[in-house]
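Below: the structure, in structure tokens.
The values are calculated or read from the model by the stated rules, or taken from the named source; none is laboratory data. Given the structure is predicted, the values throughout are model-derived calculations rather than measurements. We place every Cβ from the backbone using ideal geometry, glycine too, and count neighbours over all the protein chains shown. Quick note on the areas: whole protein, heavy atoms, side chains included, nothing else; ligands and nucleic acids left out. Shrake-Rupley method; radii C 1.70, N 1.55, O 1.52, S 1.80 Å.
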Amino acid sequence: MANPKGKIACFGLGEKGVNLVKSPLHLDDGELTSAQNAEFFRNRGRGGIRKRSGLARFNASALGVIYRFLNIPLPATVTTTILAAVEGTGVETWVISTNGTSWAEATAPVRPSRATKHVGVNFTGVARKIASLDGRIYYPADDFTQYPAANHQAPPIRFYDGSSQGEVCQVPNNPSVGDTTNAYNVECMQTLNGTIYLTTYDGLSAGAQQCGRVFNLDVRTGTLNQIGPSFGDGAGDTNPGDVSLRPFSIGWALGRLWLGMMNDSGSLVAAKIYSIRPGIDAAWTLEATLAANEPIVVSFAEYRGQMYAGCGAGALIGPRIYVRAAASGAWAQSDQTAKVNSTYGFYVGLVVYNDELYAGYFETGAKFIIRKLSAPGGAWATDRDLNTLLGLFGSVGDSIVVGSAVYYVVMSGSGSYGVVRKNAGAWAAVADFVTVIGSANGVIGYTVL
Amino acid sequence: MSFYLVHGGTSLYKMNPDGTSSAIALPTGVTMLSTRPARMAILGRSVVVVNGSSINLAVDAFGVARPMSLVPPATPPILAATGAGTLNGKFLAKYTFGIKNEYGKLISESAFSPVSVESATLVNQIFRAYNVQNSPQSQVNVRRLYRTTSGADGTAFFPWVDIEGNTIHEVLDGLPDAGLDAVAARTDLGSPPGTSTDSYLEFIVEWKGRLWAKGSRDIDNLLFSSDGTLYGWPAANAIPVKPVGGDQYGCTGLIRRRDEMACGRRDMLWKVLGSNETDFRLVTLVEGTGIVSHDTVKVYRDIGRFLAEDGVYQWGPAGVESLVDEDVAPWFTTDDFFNRSQFPNAFARINPNDVTYDLFLASAGQTTIDRWISYDIRSKKWLGPHKTAAFTPSDGGMIRDTNDVRLAIIAASDGYFYKQTPGVYTDLASAIDLDITGKAHSGDDPDTEHVWKRPTVYTGVEAAGTLSITPSVGLLTAAEQSAISHDLTKERRVHRRLGVGRLAKLRFRNNENNQGCTILGYEIPFHPLGRRNR
């Protein structure tokens, strides 16, 4: 810049940067030929130039030569929350844990449907599965007036995402039962093959046939879509062959939805297993009829390509776990536990954990154990006697695998409740759960968010 | 709040915003390499990792690593007629390996096995499908069978049945044709390079809901995945980047900005047009300028910037433009400043706080990256080359801390990330060597001798410190004089007379540890003495 007064005035060092293209004679005032470790700054400093700020370690431990890194704009920690639904006189509706050992009571969301709303005589007290999908839980809620009470309502299905909750839809009535009769309840609700499925108990038809249906829940639209025909004795229904049989448990394997039936009349008519390809098949396929005195299929699990069904039995018949042979499609006994008394015994909560198949087994007041199968075709073994662990007999509820542990809900015969957990190879009672839930009267289902 | 995937040493880490980290368990047999840097892209809440791992990986939001794509079955299933059913005729079958998540959703599926031999003629029977192999990849937990319908020509396969697990080898099924899925088998499956260890993907980006990449062998093809999937890479999804066979480098980088993407070779850029498999194609964007290092490609505010062989360019709404031609071209066109043979190993970052494009290079004669230069995006000016005595840079970028505040980061070969610390002027206890040289002032009369009088220097006030000012007076080649000490605790200082000569130049330097230094400007009074005739 020309300066007639004979003075160079250069106050723009922070404006023009390095220039190596021009000859040094032709540089403008403020242009630089090198600017090592310099930076422009605009925080009340435009026009000036300064030393760049220092560099300090961000991480405490060296990671080896860092070749590349990428910022992932997703939550740094994904918290897994276990929710166990409870019922009782207290205001708490759930007990919640994020680590499996410390539990706290919560009054939200709305309580799931209570055990007393699970109508029946054979199998009402065991916790049902509650569905979880993509950061939300979906469950049959308790906030409705159940048929046949006055002003009865349709059973609602609600969601909860950890902070907000709401009703998703209601179970429609079953025409085979009656146009003015609302369904009784949702029996079981699970996420299978990426879709939420549920079974309902709809009530008795005019012919005293127990009726029920299977739906999937489209979580995008909040709509229920019936899978296959209803079970009942109405027009177009699938008649299970006995008035006391109705849908109960569900599972998924071999591209099929598997349905376990329950005889809820107090009789010992054999339960059945059906299958269907949702969206493809128009009818249910009868896959198996259990033996006499085996009135209920409680749980399913697919293990190493084969389908297992945990069943309940009455009289002196030892309850069994059945397995479906891939080669023949035939169902055969995989495990059987001899009973002590002439009461019911159940295999519940089939679940694959650490590549082994687990099942809870209980016979009220007599046996209270966890069974395990380590390989297909092998022998089941008792992995833990819960009586010796907890000092009581009770019923084993559903199971759930969270992280590196498997959990079973335990409901004692005396009205106290708990959770047992296997982690790092050892079973232990989750003491805090019992402490927290002390004032509650039951665990009616649990899930993971 | 974000987290970070880090390729450090021979491990893959998940690092949290507080700097804590944990190694991610890799699938059995998979290793991270010390010979190639990982390159990553995000699609559908999963991060794919290529180049730096022995096979391509996909890491989900929980930090679980799985193969990005699965090795397909090598042998066909065998179909046999058995039992009583409703099927009649001859059929063909094939199958895939798959991974289902905890909800039972299929999240990865391999390419198809070979097609089976045609079955015997079924007469009111069902199938026994056997010889269904187990996958050697332990994450596989389902095998999905597909079959033709009765009497079909054998080309239309339909999803048939899933064999869950990775154990049993056969299944019995009598599902009639009418019960098959109405939608035919996917045609968008396939295995990209890096599915197994004999090849790899060199770089990868996400664009238009697909992954785009270059393979290590088929270097002239731009590969892309099927819509929305990490794992489906049909062989047909390859676009030749001409001139095929034109050099030994093939595709050298990808720039995605807005709704556009450019694919570079060393000496040209192509623009990718189209929206799906049927019309993806390339048109020439510019000839004579290409990408020399994919890791220098950074996009900020709709403009992509990258290192070419002769400088840094930007691709934006105005086309492809040089960022160095008018000022710092010699950095890239001579051997005086940087080792140009190391340009392919260069990398860059965007500093979101200073709004700069920082390019990391090896200085002249060096084979490790030890310098960086900064392009101020707002003023369009360059500063540098910068250096540090504290570490050797190995990557750069941005992270967010526990308060979700953006930090400009340099990663280093010592295993640490280094963050900018405004107001602190030390690199891990090493001094930051500020060194600035200005122009040679001539008073607009370079042929006239001048008396350069006492300069006044304005600086920011610091608590301590000394700025070293070294004058050069005379011709352009004049030697540096002894340095003048400028007290940084003072805002303005008048220094000694500079001397007599045609030109006057000042060099400012501060190499004190933990010492800030701001230079606001200077004045140099002068008067002409006259013109020498010799």
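Scan the stretch B:29-59 for residues that are of a type in the set (Val, Ile, Thr) and either closer than 17 Å to residue B:231 by Cα or more than 10 Å from every other protein chain (Cβ to nearest Cβ) (or both) and jot them down.
First, the residues of the stretch B:29-59 that are of a type in the set (Val, Ile, Thr): B:30-31, B:35, B:42, B:47-50, B:55, B:59.
Of everything in the stretch B:29-59, those that are of a type in the set (Val, Ile, Thr) and either closer than 17 Å to residue B:231 by Cα or more than 10 Å from every other protein chain (Cβ to nearest Cβ) (or both) turn out to be B:30, B:31, B:42, B:47, B:48, B:49, B:50, B:55, B:59.
Quick one: in the stretch A:200-255, of everything that is within 16 Å of residue A:296 (Cβ to Cβ) and among the hydrophobic types (A, V, I, L, M, F, W, C), which residue is most open to solvent (accessible area, probe 1.4 Å)? Spell out how you get there, then give the answer.
Applying the first criterion (within 16 Å of residue A:296 (Cβ to Cβ)) to the stretch A:200-255 yields A:201, A:210, A:212, A:231, A:240-251.
After this cut, where a residue has to be among the hydrophobic types (A, V, I, L, M, F, W, C) as well, the list is A:231, A:243, A:245, A:248, A:250.
Values: A:231: 1, A:243: 75, A:245: 1, A:248: 8, A:250: 2 Å².
Ranking the qualifying residues of the stretch A:200-255, first place goes to A:243.
Please work out if residue B:147 is within 24 Å of residue A:196 (Cα to Cα) and within 45 Å of the chain's Cα centre (by Cα). Lay out the reasoning, then the answer.
Numbers: within 24 Å of residue A:196 (Cα to Cα): no; within 45 Å of the chain's Cα centre (by Cα): yes.
Taking the combined requirement at face value, the residue does not satisfy it.
Do you know which residues across the stretch B:427-446 are assigned to a strand (DSSP E or B), more than 19 Å from residue A:40 (Cβ to Cβ) and either modelled with pLDDT under 95 or within 7 Å of chain A (Cβ to nearest Cβ) (or both)?
Here is the first cut: in the stretch B:427-446, the ones assigned to a strand (DSSP E or B) are B:427, B:430, B:434-438, B:441.
Still in the list and also more than 19 Å from residue A:40 (Cβ to Cβ): B:427, B:430, B:441.
Scanning the stretch B:427-446 gives B:427, B:441.
Looking at residue A:197 and the list (1) at pLDDT 90 or above; (2) of a type outside the set (Val, Ile, Thr); (3) farther than 17 Å from residue A:260 by Cα; (4) in contact with a strand residue (DSSP E or B) (Cβ under 9 Å, 6 or more places away or on another chain), which single condition is not satisfied?
(3)
Take the residues in the stretch A:5-28 that are open to solvent by less than 50 Å² (accessible area, probe 1.4 Å) and assigned to a strand (DSSP E or B), then tell me which one is nearest to residue B:515 (Cα to Cα).
Out of the qualifying residues, it is A:14.
Does residue B:469 satisfy being outside any loop (DSSP other than H, G, I, E, B) and closer than 24 Å to residue A:18 by Cβ? Write out each step before concluding.
Details: outside any loop (DSSP other than H, G, I, E, B): yes; closer than 24 Å to residue A:18 by Cβ: yes.
Against the criterion (outside any loop (DSSP other than H, G, I, E, B) and closer than 24 Å to residue A:18 by Cβ), residue B:469 qualifies.
Failed condition for residue A:87, given (1) of a type outside the set (S, T, N, Q); (2) open to solvent by 10 Å² or more (accessible area, probe 1.4 Å); (3) at pLDDT 90 or above; (4) outside any loop (DSSP other than H, G, I, E, B), with all others met?
Only one criterion is unmet by residue A:87, namely (3).
Scan (1) open to solvent by 20 Å² or more (accessible area, probe 1.4 Å); (2) more than 10 Å from chain A (Cβ to nearest Cβ); (3) assigned to a strand (DSSP E or B) for the single condition residue B:79 breaks and write down its number.
It fails just one condition, (1).
Can you work out which of the residues in the stretch A:29-44 that are more than 7 Å from every other protein chain (Cβ to nearest Cβ) and farther than 12 Å from residue B:437 by Cα is least open to solvent (accessible area, probe 1.4 Å)? Spell out the reasoning first.
Quick first cut of the stretch A:29-44, residues more than 7 Å from every other protein chain (Cβ to nearest Cβ) only: A:30, A:41-44.
Now drop any that are not farther than 12 Å from residue B:437 by Cα, which leaves A:41-44.
Working: A:41: 23, A:42: 85, A:43: 101, A:44: 213 Å².
Filtering the stretch A:29-44 for residues that are more than 7 Å from every other protein chain (Cβ to nearest Cβ) and farther than 12 Å from residue B:437 by Cα, the one least open to solvent (accessible area, probe 1.4 Å) comes out as A:41.
Each row is one residue, and each column tells you yes or no for (1) farther than 24 Å from residue A:178 by Cβ; (2) of a type in the set (A, V, I, L, M, F, W, C); (3) more than 14 Å from chain B (Cβ to nearest Cβ).
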| position | (1), (2), (3) |
| --- | --- |
| A:191 | yes, no, no |
| A:198 | no, yes, yes |
| A:202 | no, no, yes |
| A:205 | no, no, yes |
| A:209 | no, no, yes |
| A:212 | no, no, yes |
| A:221 | yes, no, yes |
| A:225 | no, no, yes |
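Could you say which residue among B:449, B:462 is open to solvent by less than 50 Å² (accessible area, probe 1.4 Å), modelled with pLDDT under 95 and more than 7 Å from chain A (Cβ to nearest Cβ)?
Values: B:462 fails: modelled with pLDDT under 95.
Sole residue among the options that is open to solvent by less than 50 Å² (accessible area, probe 1.4 Å), modelled with pLDDT under 95 and more than 7 Å from chain A (Cβ to nearest Cβ): B:449.
What is the number of the single condition among (1) modelled with pLDDT under 95; (2) within 30 Å of the chain's Cα centre (by Cα); (3) at the interface with chain A (Cβ under 7 Å from one of its Cβ atoms); (4) open to solvent by 50 Å² or more (accessible area, probe 1.4 Å) that residue B:424 does not meet?
(1)
Those residues that are assigned to a strand (DSSP E or B) and open to solvent by 10 Å² or more (accessible area, probe 1.4 Å), I need them from the stretch B:278-304; list them, please.
B:281, B:282, B:283, B:284, B:285, B:286, B:287, B:298, B:299, B:300, B:303
Say whether the condition of being within 7 Å of another protein chain (Cβ to nearest Cβ), among the basic types (Lys, Arg) and without any contact (Cβ under 8 Å) to a residue 24 or more places away in the chain is met by at least one residue in the stretch B:379-393.
The answer is no, given that none of the residues of the stretch B:379-393 is within 7 Å of another protein chain (Cβ to nearest Cβ), among the basic types (Lys, Arg) and without any contact (Cβ under 8 Å) to a residue 24 or more places away in the chain.
How about the stretch B:167-200: which of its residues are more than 9 Å from chain A (Cβ to nearest Cβ), among the small types (Gly, Ala, Ser) and open to solvent by 40 Å² or more (accessible area, probe 1.4 Å)? I'd like the intermediate steps shown before the answer.
Step one: filter the stretch B:167-200 for residues more than 9 Å from chain A (Cβ to nearest Cβ), giving B:176-177, B:183-200.
Now restrict to residues that are among the small types (Gly, Ala, Ser): B:184-185, B:190-191, B:194, B:196, B:199.
B:184, B:191, B:196 - these are the residues of the stretch B:167-200 that are more than 9 Å from chain A (Cβ to nearest Cβ), among the small types (Gly, Ala, Ser) and open to solvent by 40 Å² or more (accessible area, probe 1.4 Å).
Quick test of your reading of the structure: residue B:490 fulfils all but one of (1) out of contact with any Asp or Glu (no Cβ under 6 Å at 6 or more places or on another chain); (2) within 12 Å of another protein chain (Cβ to nearest Cβ); (3) charged (D, E, K, R). Name the failing condition by number.
(2)
Filter the stretch A:164-182 down to the residues that are assigned to a loop (DSSP other than H, G, I, E, B) and small (Gly, Ala, Ser), then identify the one that is nearest to residue A:213 (Cα to Cα).
At the first step, the residues of the stretch A:164-182 found to be assigned to a loop (DSSP other than H, G, I, E, B) are A:164, A:171-182.
Add one more test, that the residue is small (Gly, Ala, Ser), and what stays is A:164, A:176, A:178.
Details: A:164: 29, A:176: 11, A:178: 14 Å.
Checked the stretch A:164-182; the qualifying residue nearest to residue A:213 (Cα to Cα) is A:176.
For residue B:501, only one of the following conditions fails: (1) over 27 Å from residue B:432 (Cβ atoms); (2) open to solvent by less than 60 Å² (accessible area, probe 1.4 Å); (3) within 9 Å of another protein chain (Cβ to nearest Cβ). What is its number?
(3)
Give me the residue from the stretch B:17-28 that is in contact (Cβ under 8 Å) with a residue 40 or more places away in the chain and either assigned to a strand (DSSP E or B) or under 21 Å from residue B:404 (Cβ atoms) (or both) and, out of that set, nearest to the other protein chains (Cβ to nearest Cβ). Lay out the reasoning, then the answer.
Within the stretch B:17-28, the subset in contact (Cβ under 8 Å) with a residue 40 or more places away in the chain is B:17-19, B:22, B:24-25, B:27-28.
From what's left, either assigned to a strand (DSSP E or B) or under 21 Å from residue B:404 (Cβ atoms) (or both): B:17-19, B:22.
Details: B:17: 6, B:18: 9, B:19: 4, B:22: 10 Å.
This residue is B:19.
What do you reckon, is residue A:49 buried (at least 21 other Cβ atoms within 10 Å of the Cβ), facing another protein chain (nearest Cβ under 7 Å) and either touching a residue at least 40 places away in the same chain (Cβ under 8 Å) or more than 30 Å from residue A:139 (Cα to Cα) (or both)?
Details: buried (at least 21 other Cβ atoms within 10 Å of the Cβ): yes; facing another protein chain (nearest Cβ under 7 Å): yes; either touching a residue at least 40 places away in the same chain (Cβ under 8 Å) or more than 30 Å from residue A:139 (Cα to Cα) (or both): yes.
Here the answer is yes, as residue A:49 does meet what is asked.
Quick one: how many residues across the stretch B:305-326 are under 22 Å from residue B:397 (Cα atoms), outside any loop (DSSP other than H, G, I, E, B) and not hydroxyl-bearing (Ser, Thr, Tyr)?
9
Please work out which residue is farthest from residue A:167 (Cα to Cα), limiting yourself to the stretch A:133-147 and to residues that are surrounded by fewer than 21 Cβ atoms within 10 Å (Cβ to Cβ) and among the acidic types (Asp, Glu).
A:134
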